[in-house]
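All remarks here apply to the structure that follows.
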Protein chains: 2
Amino acid sequence: MPDRNELALIDWIRQRAASVPGLQLGIGDDCAVWQPGGSPLLFTTDVLMEDVDFRVDETTPQLIGRKAMAVNLSDIAAMAGRPLAALVGVAIPRSRGFEFAKQLHEGMQSLADEFRVAIIGGDTNTWDGPLVISVTLIGEATERGPVRRSGAKAGDWLFVTGPLGGSILGHHLTFTPRVREALELHQLVDLHAMIDLSDGLAADLHHLLDESSVGATLFEETLPISEAAHRMTDNRSLLEHALSDGEDFELLFTVSPSDGTKLLSATGNATATRIGEIESPLGCRIRMADGSLRDLSRGGWEHSF
Amino acid sequence: MPDRNELALIDWIRQRAASVPGLQLGIGDDCAVWQPGGSPLLFTTDVLMEDVDFRVDETTPQLIGRKAMAVNLSDIAAMAGRPLAALVGVAIPRSRGFEFAKQLHEGMQSLADEFRVAIIGGDTNTWDGPLVISVTLIGEATERGPVRRSGAKAGDWLFVTGPLGGSILGHHLTFTPRVREALELHQLVDLHAMIDLSDGLAADLHHLLDESSVGATLFEETLPISEAAHRMTDNRSLLEHALSDGEDFELLFTVSPSDGTKLLSATGNATATRIGEIESPLGCRIRMADGSLRDLSRGGWEHSF
């Protein structure tokens, strides 16, 4: 049975929740009731765990809540969808108190508001364990359809929407999910395949290649490196950070060469940077600045040289 | 970045996942893509936490997974909906290993199969914390519409679908969610209001009364008491167990007197037992076997006599 604080928190969340067209019943009954429009719906869920995805003592509850919403928005962006509605499950350490729980929810709600996402349901719990947040996000595909990981074709140009590496220094909490950029790109060109970068460029590129049954070559010279990667003080190179650091939450996508040309002439490098090419031979390579080719594994590259 | 075990587990789950009409893309991309039929959709989410909702060492991973699916099915049942699809987020203690994670998922999948629910997405993680499972379940309303908590009217008869109390002895892990019963009832009579019993009869009845702005009197004599309540060895009475123990996962509902008569003549007590009456005066009372009336609080009754 929920305790007094849980009920107070649920009431507070219920008052703040925005609506979505077709919502017949939001928070407060056994289920939410929602009649979406006729488009195919997109569903994604992510679980964030204390000391894995964030450290409570090194950030604010608002930023933790924000991240829980943002990583799901990034998945909707990765299919060039429009986010619509969310369900939020939380297990909050009892010791953190009511204010902490409110601030956590405020972080989620503010990003939800920014992207016009209605929080239509949830499950709010306190316990003696660590903080866990689970968000399920529902979006809709545009009339151009959802962009899958599996549509890359040999000859496609490979693009990324922003600089990579060093996310651990703060970007993983403060990034803006590329929802708007994805919708703009989807209007402008025919996106063949797309994925958001959560596991790191090398790993996520492999996912995209696996699903598309193609290979790729990356161009070292054009890989955009984040300012944060320069501030990393371990002994790995900038390139290694760009290839292997996770949680960039930029979009990696492929388009035909003619659409690639169109994209660059329309927006320059403002929206996306060309970082490689899709090829028939399976596997993944990187063309270094000196012209040499190296094999690229999921974890970054093979340390065999 | 997911480790090898997580990826192996996701592959294994992906192979086992069933489909649902209109599913264009299941597990394996950034989002699931699903075009549901034209009915209003029902959404619910529940988070289950180790040592709060189950004890790992006192049960099996299958039963824990089963419960995570079952409590959500019970919420769909409470609106007389048809369950369709689920997303499953888990945070599994690393120490439990791969077999544990598979068995956990098998418990979820087998109940999903029984109720023809497709697992269309999820997020599978291992960590050093306790076990947490979050399930989001999507259903659809029937042509008669979803049954809310808010539709009870003065004069309605109050019914419950099964015996109450003592769930902690095992029922909370093994109960069958009343999805089929709810659909049958919804066909037979006009269900005015319904809720599933998770917090305990007294607490959940108060939720229903609050949302409907009515009151009620329960009849002590007809309250069905579970066999498990008889086996409880604390010093509380059978009645207290029936009123206060949580997680019965039976349905509590109200219908007009004429529909109540129709229901009893059609099914006897096989489907549901009449346990009280809805009244205009707010608040909740219980008519004891000796004819006396007592006030009933959310927690059970007022210990003021």
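A few comments on the model shown:
- Each of A:22, A:48, A:8 was placed along the dipole of the stretch A:1-57 (beta-carbon charges, centred on the mean Cα), and the one lying farthest toward the positive end is A:22.
- The stretch B:157-295, relative contact order [Cα under 8 Å, separation at least 6], %: 46
- Positive dipole terminus of chain B, leading residue within B:188, B:133, B:79 (C-beta point charges): B:188
- Anchor residue A:67: lysines whose Cα lies under 21 Å away (excluding residues fewer than 8 positions away in-chain): A:102
- Normalised by residue count, the stretch A:101-163 yields a Cα convex hull volume of 192 Å³ per residue.
- Cα-Cα separations in the stretch A:4-141 greater than 27 Å, expressed as whole percent: 16
- Calculated SAXS-style log₁₀ I(q)/I(0) at q = 0.21, 0.26 Å⁻¹ - the stretch B:147-231, Debye, Cα scatterers: -1.16, -1.45
- Rounded to the nearest angstrom and listed largest first, the equivalent-ellipsoid semi-axes of the stretch B:157-295 from its Cα gyration tensor are 22, 19, 14.
- Label-point spacing for residue A:219 across the identical copies (point 7 Å from Cα in the Cβ direction), in nm and ascending order: 8.2.
- GNM result for chain A, Cα springs below 10 Å: residue of A:217, A:45, A:174 fluctuating most strongly: A:174
- Relative contact order (percent, whole number), the stretch B:4-141, Cα cutoff 8 Å, 6+ residue spacing: 38
- Comparing A:82, A:149, A:96 in a Gaussian network model of chain A (Cα springs below 10 Å), the most mobile by mean-square fluctuation is A:96.
- Cα centre as origin, Lys/Arg/Asp/Glu Cβ charges: the stretch B:99-210 dipole, Debye: 240
- With label points set 7 Å from Cα along Cα→Cβ, the inter-copy distances at residue B:96 are 2.1 nm, sorted shortest first.
- The P(r) of chain B has a tail past 35 Å containing 25 percent of all C-alpha pairs.
- Rounded Å value of the spacing that divides the Cα centres of the stretch B:55-115 and the stretch A:226-288: 39
- Net dipole in debye of the stretch A:4-141 [+1 Lys, Arg Cβ; -1 Asp, Glu Cβ; about Cα centre; nearest 20]: 280
- Two-site FRET efficiency, residue A:188 against residue A:210, from Cβ-Cβ distance with R₀ of 22 Å, rounded to 0.05: 0.25
- Whole-percent pair-distance distribution, where bins are 20 Å wide, for the alpha carbons of the protein assembly as shown: 20, 50, 23, 7, 0
- Ascending distances from the residue A:188 label point to its copies in the other chains, with the point 7 Å along the Cα-to-beta-carbon line: 6.2 nm.
- Annotation: lysines with alpha-carbon distance below 21 angstrom to residue A:262 (same-chain offsets under eight excluded): A:153.
- Dividing the summed -39500 (n - 2.57) terms of all DSSP H runs of n ≥ 4 by the residue count of chain B sets its mean residue ellipticity at 222 nm at -9500 deg cm²/dmol.
- Placing +1 on each Lys and Arg Cβ and -1 on each Asp and Glu Cβ, with no other charges, gives chain A a dipole about its Cα centre of roughly 540 debye.
- GNM top mover of A:60, A:124, A:233 - chain A, alpha-carbon springs below 10 Å: A:233
- You can think of it this way: the chain between residue A:219 and residue A:15 has 68.4 nm of extra reach, that is 0.36 nm per residue less the Cα-Cα gap.
- Degrees separating the helix B:61-77 axis from the principal Cα axis of chain B, which is the longest one: 50
- Chain B: relative contact order as a whole-number percent, Cα under 8 Å and 6+ apart: 21
- For the stretch B:226-305: Kirkwood Rh in Å [reciprocal of mean 1/r, alpha carbons]: 14.9
- Within the shell defined by Cβ-Cβ distances under 12 Å, the residues around residue B:162 carry a net charge of -4, with Lys and Arg each +1 and Asp and Glu each -1.
Every number in this text was worked out from the coordinates using simple rules, so none of it is lab data. These numbers were taken from a predicted model, which means no experiment stands behind them. Cβ coordinates were reconstructed from backbone atoms using ideal geometry, including for glycine residues, and neighbour counts include every protein chain displayed.
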